[in-house]
Amino acid sequence: MHFENLVKIKTLNHFFNYKLLLLCLCLSLVIISQSYYDPNGNITPDSANYLRLTKNLLLNRGFMIPNFQVPEGKSFFAAWPVGYPVLIYIVSKFFGLGIFLASRLLNILALAIVLFVFRKIFKGNEHWAGLIFFTDTNISLLTHTWSEISFIVFLICTSILLYKCVVDDVKLKWFVLLFFSGTALFMVRYFGLISIGIIGLVALMNLIKRKWHLSVKLIIVASLQLIFAGLYLYHNYIASGTISGVTRISEPESIIELLKQLISAIIGELSFIKRGPPLVITMGMFLLLAVYIFNTRKKSLSEEKPESLWVYFLLSGLIYYAGIIFARWLSRFDPLGFRLLGPGTFLLILSLFSYLQGRPKLKFMNSQILYIAVLLILTINYLPAKLDTLKYLSTGNPDFKIHGYNENLRSILKRYEAVEPHSVILNGPDQLLYLYEDIIPSEFNINISKDDYLKYFADKKSWSFYVDFSNNINPKKLHESFYLLMKSNKDKEVVRIQ
């Protein structure tokens, strides 16, 4: 009987890894709790724009969004590719969820896809490999409405499919899937164009090896991707006047300043868990890893092949790093930090894990109790407001209650219930972009006078203009005209500018 039960457990574990499921559930708990405990829901300006287009699609209004800065009153969504909002739209439509929750579920689904891939690549070690998500960078990417997690999924798929094309170049399906995966990279982030560079480099390497048919097929895939991207960017240019929706300007910092920024960002990436072990412990982990690799250099469990999957992960990670650094030095966009470097770091770590897969397994990795203990410690480490939550649950004292995203959302809706449609809100919260179709937040320079703002908006006669004084503005730093406006409307948070 005992033998039969053991066989059943092993058979079940062949199809279903409970440790992997537990990992996914723990990460999902962190994603949902961090998202809802933060008053702003971890929403940034680009997050709000993604959700704005998603809502537009749900209202059957297409890809044209309200824009008070153009005569037509609306413009094509071109500052970012439409792929990520479309994915949120699909999840929202399929599961019947609000757009905010749908964006978090999309991240959870992307996480599940990566863990499923790990199940195929790291047989027996996939739950350990999955702990890669418990780093500060990856937790931040998972808990924001950002496109990076979806981008990582397609970057992993592109690397694997490129490997499949090389080792099994007879099957056309790998090349077709590679085209769609590379195109999806571009549709999620414009920087996904690097897939063309990755495929092109592999094509060149095989051209040198005189593998003509393989090289030609890869060049065709890269060329088709380039044609698709070119047509998409040309449409952007026709619709918005620029190929990527906004005018990209040169970076004002010097090369030395950007180099310092890069070094700081890389050090930040190496310090995996800033809340826990400091950089010294992280570097100690790398040292132990180096010793392990050296001691097992002649003990590979499998014969090393010229075409190994870890090489393609490494290639993708390195090209990503090189491309993002080069792009950042050419023009101004987000500062070099975890968000820009994260996908490349993920692929480099994945490459290392894949390389170590052929090495002897350490004994402690067989301990289920140890794994569960590590998983629970990491989960607790990333759960927000643990102490206040425990105090609130144990005492019921409202002082310890967390005023999170839902409370803040209700506050915003109440604050703007009297604001008419077609209004621009100076200093308005980013959430307005997706809460309303035609009430739009705008940047607010506290040193500019009210009259100068009215002159700037002189040609927008069909729009009304307000300023939101609720977002912790220091009255002493306000321009005198806005200070007087604020003083004469003491009981109002949102005041009309006339």
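Here are the numbers for the structure shown:
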{"quantity": "Any pair with Cβ under 9 angstrom, 6 or more apart, that starts in the range 242-267 at a residue that is at positive phi and ends at one that is at pLDDT 80 or above and among the hydrophobic types (A, V, I, L, M, F, W, C)", "calculated": "Gly245/Phe76; Gly245/Phe77; Gly245/Ala78; Gly245/Ala79; Gly245/Trp80; Gly245/Ala239"}
{"quantity": "Whichever residue in the range 480-497 is touching a Lys or Arg at 6+ places or on another chain (Cβ under 7 Å) and in a loop (DSSP other than H, G, I, E, B) and, among such residues, is surrounded by the fewest Cβ atoms within 10 Å (Cβ to Cβ)", "calculated": "Glu493"}
{"quantity": "Cβ pairs under 6 Å, 6+ apart, first in the range 18-40 and within 28 Å of Pro429 (Cα to Cα) and touching a residue at least 40 places away in the same chain (Cβ under 8 Å), second among the basic types (Lys, Arg) and part of a helix (DSSP H, G or I)", "calculated": "Ile31/Arg104; Ser35/Arg104"}
{"quantity": "Residue within the range 447-455 that is under 19 Å from Gln498 (Cβ atoms), surrounded by fewer than 17 Cβ atoms within 10 Å (Cβ to Cβ) and of a type in the set (A, V, I, L, M, F, W, C) present", "calculated": "yes"}
{"quantity": "Top-ranked residue in the range 456-479 [being free of Cβ contacts under 8 Å to residues at least 60 places away in the same chain and small (Gly, Ala, Ser); ranked as surrounded by the fewest Cβ atoms within 10 Å (Cβ to Cβ)]", "calculated": "Ala458"}
{"quantity": "Test for Leu20: is it within 17 Å of Gly98 (Cβ to Cβ) and either crowded, with 17+ Cβ neighbours inside 10 Å or of a type outside the set (A, V, I, L, M, F, W, C) (or both)", "calculated": "no"}
{"quantity": "Verdict on Ser140 being in a helix (DSSP H, G or I) and buried (at least 21 other Cβ atoms within 10 Å of the Cβ)", "calculated": "no"}
{"quantity": "Which listed residue, of Asn56, Asn67, is touching a strand residue (DSSP E or B) at 6+ places or on another chain (Cβ under 9 Å), surrounded by 15 or more Cβ atoms within 10 Å (Cβ to Cβ) and at pLDDT 90 or above", "calculated": "Asn56"}
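One line per residue, one yes/no per condition, for (1) surrounded by 16 or more Cβ atoms within 10 Å (Cβ to Cβ); (2) small (Gly, Ala, Ser):
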residue: Ile152; (1), (2): yes, no
residue: Cys157; (1), (2): yes, no
residue: Asp169; (1), (2): yes, no
residue: Ala184; (1), (2): yes, yes
residue: Tyr190; (1), (2): yes, no
residue: Arg210; (1), (2): no, no
residue: Ser215; (1), (2): yes, yes
residue: Phe228; (1), (2): no, no
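The values are calculated or read from the model by the stated rules, or taken from the named source; none is laboratory data. What you see is a predicted model, and the numbers here were worked out from it, not measured in a lab. Cβ sites come from the backbone with ideal geometry, for glycine too, and all protein chains shown count toward neighbours.
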